[in-house]
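The values are calculated or read from the model by the stated rules, or taken from the named source; none is laboratory data. Just so it is clear, the model here is predicted, and its values are computed rather than measured. Cβ placement follows ideal geometry from the backbone for every residue including glycine, while neighbour counts extend to all protein chains displayed. In case anyone asks, the SASA skips ligands and DNA or RNA and just uses the protein heavy atoms, side chains included. Shrake-Rupley method; radii C 1.70, N 1.55, O 1.52, S 1.80 Å.
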Amino acid sequence: MRILMLNAAPDRSEAHLCRSLPPAGWEVDLAGPADAPALRRLAADGLSVHDLRIRLAFDPPAVLKLRRLLRARQPNLLHAFSKKALCHALLAAAGIPLPVVAYRGYIGHLHRYGPQTRWAFRHPKVRRIICVSEAVRRFLLGIGLPPQRLVTIYKGHDPAWYAPLPAERLREFGIPPGAFVVGTAGKLRPRKGLDDLVRAAARLPRDSVHYLLVGELADRRLRPLIRRLGLETVMHFAGFRPDAAGLMGACDAFVLCSPERDALPRALLEAQAQGVPAVVTGVGGLPEVVADGENGLVVPPRQPAALAAAIQILAGDAALRRRLGAGARERVRARFHIAETVRQTLAVYREALGAGASQPSK
C-alpha cells in the first residue's frame, strides 16, 4: 500500500508516525516544502519527499503540481494534515478514486454551513477525520459532521524523548536559586488567558514564586499589565526557544490557563512526560490530559484566585508535587504514548480503505 501524506511541517509525533509506516508495510510519499527542517530529516531517513508549497488559501499552481504527483505516484490513500492541505488535495484528486483521511487539531474556526465544512470535511472522498481530542470530536459533531467519519486519536509522545534541563539553566532568565518556578510554553496569544496568570501572580508571594513564559509574545496586554501590577521581577519572558520542552522540564509546575477551546496542547504533554505536575483550566481537551488530583490540578477558567490557590498548593507541598509528577509521567506512558497513536492510525487507514466510496454526507 502507498500513502501520500500532505504535511508542511511535521511535528515530532507526526514524524514518528511517518517513520513507523514502512516497517508496517506502507510505501510513504511526503509532500511539503522540501527545505523544511522536519522534512529534510525524514528525507535523510530514506522517506520520499516531494516539494510542494501551498502559499495561498487557493493556490492553482499547487493544485496542478499535486495532481501530477497523484498521477505519478498513484497512492492508495491520502492523509491531509491541515485544512488548507485537505482543500487542495480534494481539488487535485477530482476524478481520481482516492480515499482521504483528514486531521483536525483545533476547536472552532469551522461553521455548520461554512464552505470549508460543507465542501471539504463533508466531501465523499473524506472517509475518516482524525480528531486530536474528544473535545475536537464533540465540536465537529456539533456542526453536523457525520459521526461515522470522526475518530479521536491522541497525538502521542514518549517520555524517553525528553530530558529536563538542569534547574541551573533557569538562572539565565534572572530566576534566583531556590525559587518555585511556574512554566508555560507555546505561542503566547490572547486566547491562552495569560492575563489570568499575571493576575494570579499578583496574589502570590513575590519573593519565592517566579514564572517562565517561553514562546513568541503575541499578547500585547501582558507587559503593560505586568508593569501595572509591579511583577517585572518575577515574570520572565524567554521568547522562542528550541529547548522549550527541556526548560519546562526544569520547572516545578506547568500552567495552562486557557479560557476556552484548547484542543490538546503539545507543551502540556511534553511537560507531563517529564513528570512536571500541571495546573490547567477545565476547558476543551485539557481535562482529557489532566485528571484533578491524579497528575495535576484543574481549576475553573477566568478565575485568577482559583489559579493562584492551586499554584500555592503545589508550591507548599513537595510530596504532592512528586506524587502528581509521577502520575503525569505514567498518564503519558499509558494513555498518550506514541506507540498507541501509530497503532490507532494504522487501524484508521485500514478502515478508510475499506469504507464505501460514497458515504452519506448527512
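When 163, 72, 102 are checked against the criterion of being open to solvent by 20 Å² or more (accessible area, probe 1.4 Å), small (Gly, Ala, Ser) and not in a helix (DSSP H, G or I), a single residue qualifies: 163. Residue 207 passes every criterion in (1) assigned to a loop (DSSP other than H, G, I, E, B); (2) modelled with pLDDT of 95 or more; (3) within 20 Å of residue 314 (Cα to Cα) apart from (2).
Tell me yes or no: at least one residue of the stretch 279-297 is in a helix (DSSP H, G or I), open to solvent by 10 Å² or more (accessible area, probe 1.4 Å), touching a Lys or Arg at 6+ places or on another chain (Cβ under 7 Å) and not basic (Lys, Arg). No - not one qualifying residue is present in the stretch 279-297. Within the stretch 304-340, the residues that satisfy the criterion of being touching a residue at least 60 places away in the same chain (Cβ under 8 Å), closer than 19 Å to residue 250 by Cβ and open to solvent by less than 30 Å² (accessible area, probe 1.4 Å) are 311, 314, 332.
With respect to the stated conditions, residue 166 is out of contact with any Phe, Trp or Tyr (no Cβ under 8 Å at 6 or more places or on another chain) and either under 29 Å from residue 247 (Cβ atoms) or β-branched (Val, Ile, Thr) (or both).
Applying a threshold of 9 Å to beta carbon distances and a minimum spacing of six or more residues, or different chains, the list of pairs starting in the stretch 212-230 at a residue that is open to solvent by 70 Å² or more (accessible area, probe 1.4 Å) and ending at one that is among the basic types (Lys, Arg) reads 216/187; 216/189. Within the stretch 171-193, the set of residues being touching a strand residue (DSSP E or B) at 6+ places or on another chain (Cβ under 6 Å) and either free of Cβ contacts under 8 Å to residues at least 60 places away in the same chain or not in a loop (DSSP other than H, G, I, E, B) (or both) comprises 173, 179, 180, 181, 182, 183, 184, 185, 188. Within the stretch 111-121, restricting attention to residues that are more than 25 Å from residue 156 (Cα to Cα) and open to solvent by less than 50 Å² (accessible area, probe 1.4 Å), the residue that is modelled with the highest pLDDT is 120.
The set of residues in the stretch 32-49 that are over 27 Å from residue 245 (Cα atoms) and crowded, with 18+ Cβ neighbours inside 10 Å contains only 49. Determine whether the stretch 1-24 contains at least one residue that is surrounded by fewer than 21 Cβ atoms within 10 Å (Cβ to Cβ), in a strand (DSSP E or B), touching a Lys or Arg at 6+ places or on another chain (Cβ under 7 Å) and touching a residue at least 24 places away in the same chain (Cβ under 8 Å). Within the stretch 1-24 (the criterion being surrounded by fewer than 21 Cβ atoms within 10 Å (Cβ to Cβ), in a strand (DSSP E or B), touching a Lys or Arg at 6+ places or on another chain (Cβ under 7 Å) and touching a residue at least 24 places away in the same chain (Cβ under 8 Å)), the answer is yes, since at least one residue qualifies.
Please verify whether the stretch 81-90 includes one or more residues that are in a loop (DSSP other than H, G, I, E, B), buried (at least 21 other Cβ atoms within 10 Å of the Cβ), touching a residue at least 24 places away in the same chain (Cβ under 8 Å) and in contact with a Leu (Cβ under 9 Å, 6 or more places away or on another chain). Yes, the conditions are met somewhere in the stretch 81-90.
The rows are residues; the columns are (1) more than 25 Å from residue 288 (Cα to Cα); (2) touching a Cys at 6+ places or on another chain (Cβ under 7 Å); (3) open to solvent by less than 10 Å² (accessible area, probe 1.4 Å); (4) not in a helix (DSSP H, G or I).
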| position | (1), (2), (3), (4) |
| --- | --- |
| 78 | yes, no, yes, yes |
| 97 | yes, no, no, yes |
| 124 | yes, no, no, yes |
| 138 | no, no, no, no |
| 148 | no, no, no, no |
